[in-house]
Amino acid sequence: MAEDKTSTELPDAIPTMGRFPLLDRVSAPRDLRNLSVDQLRQLAEELRAETVDAVSTTGGHLGASLGVVELTVALHAVFDTPDDRIIWDVGHQAYPHKILTGRRERVRTLRQPGGLSGFTRRSESEYDPFGAAHSSTSISAGLGMAVAHHLRAEHDPSYRERNVVAVIGDGSISAGMAYEAMNNASVAGPGAGRLIVVLNDNEMSIAPPVGAMSNYLSRLMSSRQFLGLRD
């Protein structure tokens, strides 16, 4: 899948510096973990605006990234990344993730030759544990990582077992590879104990999701129990 565009200049400055006071203070996820809930909400708004500004310069998959801004902030605030692993099932929804993980000054090189990848890339950052593109691979990759961490912790008492978070959408989760991964996770024993699957059920995909899983999620979203939890 081609993602690069011809370019002779790779901007490394941050033209929006000064416009977003909270985002300016975040050079890595650890910087946002002392923020209040209200500050995290403001940070999400600033992160959304920064993402729009960057993609308007480089082009790219804007909608997928805007749909996970709040989720990105929440995950990095709650989990101890990069020790805890976040795997984005759709790599091109990771633009906000890249901005928060020390790559803001290069975000306007997205998809340019020599610039940031339009997807997650292991060689680019320790915050990208898996090189994802599109799609349905996150749970399988996450299960392997979770089991590996567990096995290492069993043999090395000094090793802290890590959480592995797979973020997958309602369209991607209907693929066979995702079903296979969930099936294997159910019998993986303690090794899967740190695997967390976050379902981004936003009803957005290349084509409308169909089938039994989609129907079940629709019923769940409209159920009295779920609506009660939201209230």
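Laboratory data are not the source of any read-out in this text; all were calculated from the coordinates shown. A quick note: this is a predicted structure, and the numbers were derived from the prediction, not measured. Reconstructed Cβ throughout: ideal geometry from the backbone, glycine too, with neighbour counts over all protein chains shown.
Of the residues Leu32, Leu199, Leu220, which exhibits the maximal mean-square fluctuation in a Gaussian network model of the chain defined by a 10 Å Cα contact cut-off?
For the chain, modelled as a Gaussian network with Cα springs under 10 Å, the answer is Leu220.
So how long is each side of the range 23-228 along the principal axes, counting just the alpha-carbon atoms, biggest first, in Å?
Extents along the principal axes, in whole Å: 46, 45, 38.
Give me Rg over Rh for the range 65-173, both radii from the alpha carbons and Rh done the Kirkwood way, two decimal places.
Expressed as Rg/Rh, it is 0.98.
No solvent, one uniform scatterer per C-alpha: report log10 I(q)/I(0) for the range 48-101 via the Debye equation at q = 0.14, 0.17, 0.18 1/Å, two decimals.
-0.34, -0.49, -0.55
Which longest uninterrupted range of the chain lacks any trypsin sites (Lys or Arg not before Pro) assigned by DSSP to a loop state (not H, G, I, E or B) and surrounded by at most 15 other Cβ atoms within 10 Å?
34-121
Taking the Cα centroid of the range 78-152 and of the range 9-67, what is the distance between the two, rounded to the nearest whole Å?
Centre-to-centre distance over Cα atoms comes out at 17 Å.
Work out how much length Asp83 to Asp31 would gain on full extension: take 0.36 nm times their residue separation and subtract the Cα-Cα distance, in nm to one decimal. List each step's numbers first, then the result.
On the way: separation 52, 0.36 × 52 = 18.72 nm, distance 1.52 nm.
Residue separation times 0.36 nm, minus the Cα-Cα distance, leaves 17.2 nm.
Within the chain, which whole H helices from DSSP have a Cα span along their axis of at least 30 Å and a mean Kyte-Doolittle hydropathy of -0.5 or more, if any?
37-58
What number, rounded to the nearest 500 deg cm²/dmol, is the helix-based mean residue ellipticity at 222 nm of the chain, given -39500 (n - 2.57) per DSSP H run of at least four residues and division by all its residues? Write down the numbers at each step before the final one.
On the way: 9 runs with 90 residues, N = 231.
Result for the chain, helices only: -11500 deg cm²/dmol.
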